[in-house]
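Structure record follows, encoded as structure tokens.
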Amino acid sequence: MKRIIFAAIAVMAFGFTNAQETRFGVKGGLNISTLGGDASGVSSLVGFHVGGFAEIKIIEKLAIQPELVFSTQGAKEKFFGEKYNTNLNYLNIPVVAKYYITKEFSVEAGPQIGFLVSAKSDGEDVKDLYKSIDAGFNIGAGYNFTENLSVNLRYYLGLANVVDTNDDYEDWEDFVDSYRVNNNVISLSVGYKF
């Protein structure tokens, strides 16, 4: 974990020193999230995200964009006839490579690590049932209306199992080892660069 963080800092520091241009900005918008993998009886949950970013131009058409984003995720679940909302709140750190096809239109892809801030199921704290770290991959596209104002559509596919083992139950660990649940999030953002 420490190696990943140090490597990310080194890449960002290298990018800042060799970048042609760096711009900072804020973003926010709508999330449509669900839980994938072995999760059953789930449907999409609407949430939001808000955060900041740095767009670091490497060459004219290529930029690296690290971000720090608070994101509300989760799913609506139906279990034994009962319906409830599972709200998973993360502090996400995506780092995407953006390629500008035109001056206005870009495509992007890159990894993301997320840190679980809270987990609630219909108001009840269930954080101990979920892992504290999530990891996955983003793909998306963006459009710049002006030099400052942009819109972005992104899909996040969680690659890590977010369900945690709980040693209080004898058979729980065997169950969780074979049961994989991952985050899936579609995000629509509006961004403003300074």
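The values are calculated or read from the model by the stated rules, or taken from the named source; none is laboratory data. Keep in mind the model is a prediction, meaning the values are calculated, not measured. Positions of Cβ are generated from backbone atoms using ideal geometry, with glycine treated the same way; all protein chains shown enter the neighbour counts. Just so you know, the surface numbers come from the protein's heavy atoms only, side chains and all, with ligands and any DNA or RNA stripped out. Shrake-Rupley method; radii C 1.70, N 1.55, O 1.52, S 1.80 Å.
Rolling a 1.4 Å probe over the heavy atoms of the protein chains gives the range 9-142 an accessible area of 51 Å² per residue.
Size of the range 45-177: Rg and Dmax of its alpha carbons, in Å, are 18.0, 58. Ranking Val181, Val26 by solvent-accessible area of protein heavy atoms (1.4 Å probe, all protein chains present), from largest to smallest, gives Val26, Val181. Residues whose amide H falls under 5 Å from that of Arg180, counting only those 5 or more places apart or on a different chain, are Asp38, with hydrogens built in the peptide plane. Per atom type, the range 37-194 shows carbon and sulfur on 60% of its accessible surface, probed at 1.4 Å.
In the frame of its principal axes, the range 55-116 has Cα extents of 54, 22, 15 Å, reported largest first.
Given +1 on the Cβ of Lys and Arg, -1 on the Cβ of Asp and Glu, and no further charges, what dipole in debye does the range 46-132 carry about its Cα centre, rounded to the nearest 20?
Charge dipole of the range 46-132: 180 debye, to the nearest 20.
Amide H contacts for Lys131 (H built 1.01 Å from N in the peptide plane; partners 5 or more residues away or on another chain; cut-off under 5 Å): Val163, Asp164.
Tally Lys and Arg at +1 and Asp and Glu at -1 over the other residues with C-beta under 9 Å from the C-beta of Glu55: what net charge comes out?
That works out to +3.
Reported to the nearest whole Å, the Cα centre-to-centre distance from the range 121-161 to the range 18-89 is 2.
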